[in-house]
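**Student:** Take this structure, written in structure tokens, and hold onto it; I'll ask about it next.
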Amino acid sequence: MKTLTLNDGHCIPQVGLGTWQSQPGEVERAVTHALEVGYRHIDCAWIYGNEKEVGVGLKEAIDRGVCRRDEVFITSKLWNNAHGEPQFTRSLDESLKGLGIEQLDLYLIHWPVAFVGKVTMPKKFDQYLSREQSPLPDTWALMEAAQQAGKVRSIGVSNFAAHHIEEVIGNGTVPPAVNQVECHPYFSQRPLLDACARHNIPLTAYSPLGSSDASGKRAAKGIASVMADPVVLGIAETHGCSVAQILIAWAVQRGTIVIPKSANPERIAQNFAAGEMELAALEMQAIDNLERGLRYIDGTFFCGDNSPYDLAELWGN
Ligand SMILES: NC(=O)c1ccc[n+]([C@@H]2O[C@H](COP(=O)([O-])OP(=O)(O)OC[C@H]3O[C@@H](n4cnc5c(N)ncnc54)[C@H](OP(=O)(O)O)[C@@H]3O)[C@@H](O)[C@H]2O)c1
């Protein structure tokens, strides 16, 4: 199992299990099975609404002697409605309790976007908190305090553009250990990868297979699926493996952390095995060349007339 050393000295396994849209009732088995086949990294979030069930799967594996708690890297994320106190501490404690653990290995600010407490998805302007009302450095200070209190080992961010990273680093005392963002061959994040590398911050690639979200609707709108890409299909045929495995192997080989989601036992196992594959330099190059600026999770749901946020500020372009 390949690992990366973070800028705070802790190690993170490069392939982890995603849990977004893994339903309660299936996610328990997915987590236990993932740990059985060798995963030691599980990606969670308060907003996924299934941390309690992830905790059940983790406990089952520990009770059966599959792994020890200290061998598993567990990430959770602070939702947008808890950027200030008292919601921050309440939300972190809920994640810890749900997962049934004393300390998170990594805690991320889920988005550089803030909502009024108790609002999980705003519908009106006044349900948001603007950047001025909820400055990112203030939220980062709470992350640093949680780290100092020992509730979380590493702290990082998610969906942050380079200017958000600079703002946090310029005002904080600890740099983010990770930036988790959408990343796959159609949106390879080369500029952000380079900007973060200057601070020794690796990217965690989410939606590495093109995302589970609304794939049917996307197909209806004619939005290309990276899983159907002919170049990737050709490379998969050469290796006698699945397209998903090539996408995961590419992500690992270019130095990102990657967290494919699956609730299917066979796919969970094959995705993990992909972390040990080797692609030739020409194959890596051919996949790099597929970049087409296509974000599947485009952030429009947090922007527009009913929000103080806009896409240019959100993504920094
Ligand atoms: N920080 C953020 O804002 C953010 C946003 C999105 C996602 N994430 C994290 O990243 C994780 C992964 O992203 P994602 O869930 O959007 O999508 P993804 O991992 O790109 O794709 C998941 C989809 O691919 C299918 N799949 C998995 N392995 C496969 C294989 N070997 N062959 C064919 N199909 C396969 C899954 O179905 P089955 O389950 O049926 O296998 C599911 O429909 C999430 O679960 C979450 O933990 C974070």
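**Student:** Taking neighbour counts of Cβ atoms within 10 Å as a proxy for exposure, in what order, fewest first, do V231, V56, V72 appear?
**Tutor:** Details: V231 14, V56 19, V72 22.
Going from least to most buried by this count: V231, V56, V72.
**Student:** Follow-up. If the range 174-274 were replaced by its equivalent ellipsoid, with semi-axes equal to the square roots of 5 times the Cα gyration tensor eigenvalues, what would those be, largest first, whole Å?
**Tutor:** On the way: eigenvalues 114, 53, 38 Å².
Rounded to whole Å, the semi-axes are 24, 16, 14.
**Student:** Same structure again: Between the range 160-206 and the range 9-32, what is the C-alpha centre distance in whole Å?
**Tutor:** 22 Å
**Student:** Starting from the 7 Å offset along Cα-to-Cβ, what nm value, one decimal, do you get for the label separation of N317 and Q148?
**Tutor:** 3.8 nm
**Student:** Now a separate question. Across bins of 5 angstrom width beginning at 0, how are the C-alpha pair distances of the range 12-307 distributed, in whole percent?
**Tutor:** Per 5 Å bin, starting at zero, the Cα-Cα P(r) for the range 12-307 comes out as 1, 5, 12, 16, 18, 18, 14, 10, 5, 1, 0 percent.
**Student:** Let me ask another. Given only helices, namely DSSP H runs of n ≥ 4 each adding -39500 (n - 2.57), what is the per-residue ellipticity at 222 nm of the chain, to the nearest 500 deg cm²/dmol?
**Tutor:** On the way: 12 runs with 117 residues, N = 317.
Value at 222 nm, helices only, nearest 500: -10500 deg cm²/dmol.
**Student:** Sorting H199, H184, H164 on the 10 Å Cβ count, fewest up front, what's the list? It would help to have the intermediate numbers written out before the result.
**Tutor:** Numbers: H199 15, H184 28, H164 23.
By the 10 Å Cβ count, ascending, the order reads H199, H164, H184.
**Student:** Can you put S158, S130 in order, fewest other beta carbons within 10 Å first? Please list the in-between numbers first.
**Tutor:** Working: S158 21, S130 13.
The fewest-first ordering by Cβ neighbours comes to S130, S158.
**Student:** Sticking with this one: Total Lys pairs in the chain closer than 20 Å by alpha-carbon, pairs eight or more apart in sequence or interchain only?
**Tutor:** Close lysine pairs found across the chain: 16.
**Student:** At 1.306 mPa s and 10 °C, plugging the Kirkwood radius over alpha-carbon pairs of the range 236-278 into Stokes-Einstein gives what diffusion coefficient in µm²/s? Please list the in-between numbers first.
**Tutor:** Details: Rh = 10.4 Å.
Answer from the Stokes-Einstein relation: 153 µm²/s.
**Student:** For Q21 and R198 in the same chain, what is the full-extension length gain: residue separation times 0.36 nm, less their Cα-Cα distance, in nm? Show your work: numbers first, answer last.
**Tutor:** Working: separation 177, 0.36 × 177 = 63.72 nm, distance 3.32 nm.
Computed gain between Q21 and R198 is 60.4 nm.
**Student:** Along Cα→Cβ, 7 Å out, is where each label goes; now give me the distance between the ones at E266 and E85 in nm to one decimal.
**Tutor:** Between E266 and E85, the simple spin-label model gives 5.3 nm.
**Student:** Taking K and R as +1 and D and E as -1, what net charge do the other residues with C-beta under 15 Å from the C-beta of E166 add up to? It would help to have the intermediate numbers written out before the result.
**Tutor:** Working: positive: R131, R198; negative: E167, D194, E313.
For residues surrounding E166, the net value is -1.
**Student:** Quick query: amide H of H110 versus all other amide H atoms, modeled in the peptide plane; which residues come in under 5 Å with a sequence gap of 5 or more or a different chain?
**Tutor:** Residues meeting the amide H criterion: L78.
**Student:** Extending each Cα 7 Å along its Cβ direction at K2 and R68, get the distance between those two points in nm, one decimal.
**Tutor:** 2.7 nm
**Student:** Of all beta bridges DSSP finds with both residues in the chain, what is the antiparallel percent, to the nearest 5? Display every interim value, and only then the final one.
**Tutor:** Values: 6 of 30 bridges.
The antiparallel proportion sits near 20 percent.
**Student:** So if the hydrodynamic radius of the range 112-205 is defined as the Kirkwood radius over C-alpha pairs, what does Stokes-Einstein give as its diffusion coefficient at 20 °C and 1.002 mPa s, in µm² per second?
**Tutor:** Values: Rh = 14.5 Å.
Answer, rounded: 148 µm²/s.
**Student:** Between R190 and E237, what FRET efficiency comes out of the Förster formula 1/(1 + (r/R0)^6) with R0 = 30 Å and r the beta carbon distance, rounded to 0.05? Mind dumping the intermediate values first?
**Tutor:** Working: r = 27 Å, r/R0 = 0.89.
About 0.65, to the nearest 0.05.
Read-outs throughout are calculated quantities, based only on the coordinates presented, and are distinct from any laboratory measurement. This is a predicted model, so every value here is computed, not measured. Ideal geometry is used to build each Cβ from the backbone, glycine not excepted, and the neighbour counts take in all protein chains shown.
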